[in-house]
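Take a look at the structure below.
All of the numbers you see were taken from the coordinates with simple rules; none came from a lab. Here the structure is a predicted model, which is why all the values come from computation and not from measurement. FYI the Cβ positions are ideal-geometry reconstructions off the backbone, even for glycines, and counts take in every protein chain you see.
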Amino acid sequence: MTESTDYAARHVEFTAPEPTPEEQAELDSMYARMDELHMKPLWNQIGGLMPNAPEPQAVAHRWDWSELITLARRASDLVPVGRGGERRAIGLANPGLGGPTYIAPTLWAAIQYLAPGENAPAHRHSQNAFRFVLEGEGVWTVVNGDAVPMRRGDLLLTPGWNFHGHHNIATEPMAWLDGLDIPFAHQMDSGFFEYGSERLTDESTPDHSRSERLWAHPGLRPVAFPGQASASPLGRYAWEHTDAALRDQLALEDAGFPGVVGPGHAAIRYTNPTTGGDVMSTIRAEFHRLRPGAVTTPVHEVGNRVFQVFEGSATIRIGDEVFGLNHGDVVNVPSWRPWSLEAGPEGVDLFCFSDHPIFEKLDLARTYTPEGI
Ligand code: GTQ
Ligand code: FE2
């Protein structure tokens with residue numbers, strides 16, 4: 001697919017009259033003086049600073065799950081988990097961003113690995129975090145003293161400034177996907193961090209966290225907690241609810257009723273039960289299910305998405321690129337690159353997170369669907 005540009009005007013090339021040798025010498029000395037005094041003229045960089053539409057440095061990239069899990073196992077043999085390093089997490093670094101561990105300018109994504117009996121010590125930070133569990137169980141994440149089970153398909157939240165540590169009480173190692181707004185906090189110089197207790201504050205392994213017992217009943221909230229909270233008070237979004245919601249959307253489509261976002265495409269957004277809005281102020285989380293062969297309409301969006309395949313397979317088109325996606329693979333969509341999904345022969349289940357809430361709050365969100373599609 002060629003990238004459509006008819007939504008935008010184009011920049012006009014700025015040309016000054018050809019300078020005489022004397023003028024050129026003056027210009028050179030003026031630019032040199034500006035450089036010494038840490039100044040730069042706008043006129044020869046405006047197109048780069050203010051393009052007609054976003055021109056992200058981040059590129060679209062896919063990380064293979066088999067490579068991620070293999071390296072996480074190797075790291076587990078070679079590197080202990082403990083205070084200082086804090087987490088055995090391997091971050092995904094976007095090749096277009098030139099070095100830092102940013103999957104996108106605003107977002108961090110990592111695979112974290114905990115062997116049986118291991119304990120990732122408690123800490124807190126202003127960065128918002130979640131975990132999504134591709135497979136396995138046996139880890140509890142303790143969030144401000146509330147032990148939250150982590151099981152296949154679950155989304156677990158650790159909103160900013162909540163103490164959290166993870167412990168594996170099972171006999172098998174466990175790996176999961178972490179998502180945080182570390183790059184956003186880093187680039188904006190807004191992050192704070194504190195160590196918590198060395199030892200686990202709660203070694204219990206309840207079937208449901210306290211937060212679920214209060215907040216995970218559909219359409220119901222406890223009267224004892226009125227008002228709105230900017231981050232969701234619910235720590236665990238259990239797979240059984242996600243799966244049922246998606247199954248029901250597709251069943252309604254089969255019965256001829258509306259409910260799906262597009263043909264053969266069911267999708268849910270995880271919500272903050274006190275507002276109905278996003279789970280955290282900077283991060284949106286969604287889950288998408290496509291029937292076998294279903295295709296989505298290409299769309300340009302301001303902001304960054306990251307997908308992880310939960311089950312099945314798909315291809316994703318991002319601009320002119322096409323990536324095959326299998327179980328566990330992670331792929332990012334840079335801002336404004338048009339993207340569309342096509343499910344493989346068994347259909348596909350995809351977890352997705354994005355930084356879209358940031359842009360919506362700042363009135364910078366935009367989407368564009370090329371005409372004729
Ligand atoms: O589990 O607390 O991937 O603080 C990066 C930073 C995970 C965590 C990461 C973190 C964590
Ligand atoms: Fe953390």
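When the helix-only estimate is applied to the chain (DSSP H runs of n ≥ 4, each -39,500 (n - 2.57), divided by the residue count), what is the mean residue ellipticity at 222 nm, nearest 500 deg cm²/dmol?
The per-residue figure over the chain is -5500 deg cm²/dmol.
What is the helix-to-structure angle for 239-254, meaning the angle in degrees between its Cα long axis and the longest Cα principal axis of the chain, kept from 0 to 90 and rounded to the nearest 10?
It works out to around 70 degrees.
Would you mind calculating the gained length between T20 and A53 on full extension (0.36 nm times residue separation, minus the Cα-Cα distance), in nm to one decimal?
Extra length from T20 to A53 when fully extended: 8.3 nm.
Could you list, bin by bin from short to long, the percent of Cα-Cα pairs of region 66-160 in 10 Å steps?
Each 10 Å bin holds this share of Cα pairs: 14, 45, 36, 5.
Taking amide hydrogens as modeled 1.01 Å from N in the peptide plane, which residues meet the under 5 Å criterion relative to F310, leaving out close sequence neighbours?
Result for F310 returns G328, D349, L350, F351.
Given the C-alpha centroids of region 195-223 and region 160-182, what is the distance between them in whole angstrom?
Value for the Cα centre distance between the two parts: 15 Å.
Compute the angle between helix 65-78 and the longest alpha-carbon principal axis of the chain, please, reported from 0 to 90 degrees and rounded to the nearest 10.
Roughly 70 degrees, rounded to the nearest 10.
Treating the beta-carbon of each Lys and Arg as +1 and of each Asp and Glu as -1, no other charges, what is the dipole magnitude of region 56-182 about its Cα centre, to the nearest 20 debye?
Using Cβ point charges on Lys, Arg, Asp and Glu, region 56-182 gives about 160 debye.
I'd like the FRET efficiency for V299 and R210, computed as 1/(1 + (r/R0)^6) with the beta carbon distance as r and R0 of 45 Å, rounded to 0.05.
Calculated transfer efficiency: 0.70.
So what is Rg over Rh here for the chain, counting just Cα atoms and using Kirkwood for Rh?
1.03
Take the Cα of E311, step 7 Å along the line toward its Cβ, and report every residue of region 224-242 whose backbone nitrogen sits under 17 Å from that point.
Within reach of a label on E311: 238-242.
Run the dipole for the chain about the Cα centre, Lys and Arg Cβ at +1, Asp and Glu Cβ at -1, nothing else charged, and hand back the magnitude in debye, nearest 20.
1140
What is the angle, in °, between the Cα long axis of helix 21-36 and the longest principal axis of the Cα atoms in the chain? Nearest 10 is fine, range 0 to 90.
30
Using the crude model of +1 on Lys and Arg Cβ and -1 on Asp and Glu Cβ, and no other charge, please compute the dipole size for region 312-373 relative to its Cα centre, in debye to 20.
Roughly 160 debye for region 312-373.
Using a Förster radius of 22 Å, what is the FRET efficiency between L220 and D248 based on their Cβ-Cβ separation? Nearest 0.05, please.
E(calc), rounded to 0.05, equals 0.75.
Taking the Cα centroid of region 240-283 and of region 89-127, what is the distance between the two, rounded to the nearest whole Å?
A separation of 28 Å, based on Cα centres.
Among 23-32, 148-157, how do they line up by average Cβ neighbours within 10 Å per residue, starting with the highest?
148-157, 23-32
By counting other Cβ atoms within 10 Å of each Cβ, how are H208, H125 ranked from fewest to most?
H208, H125
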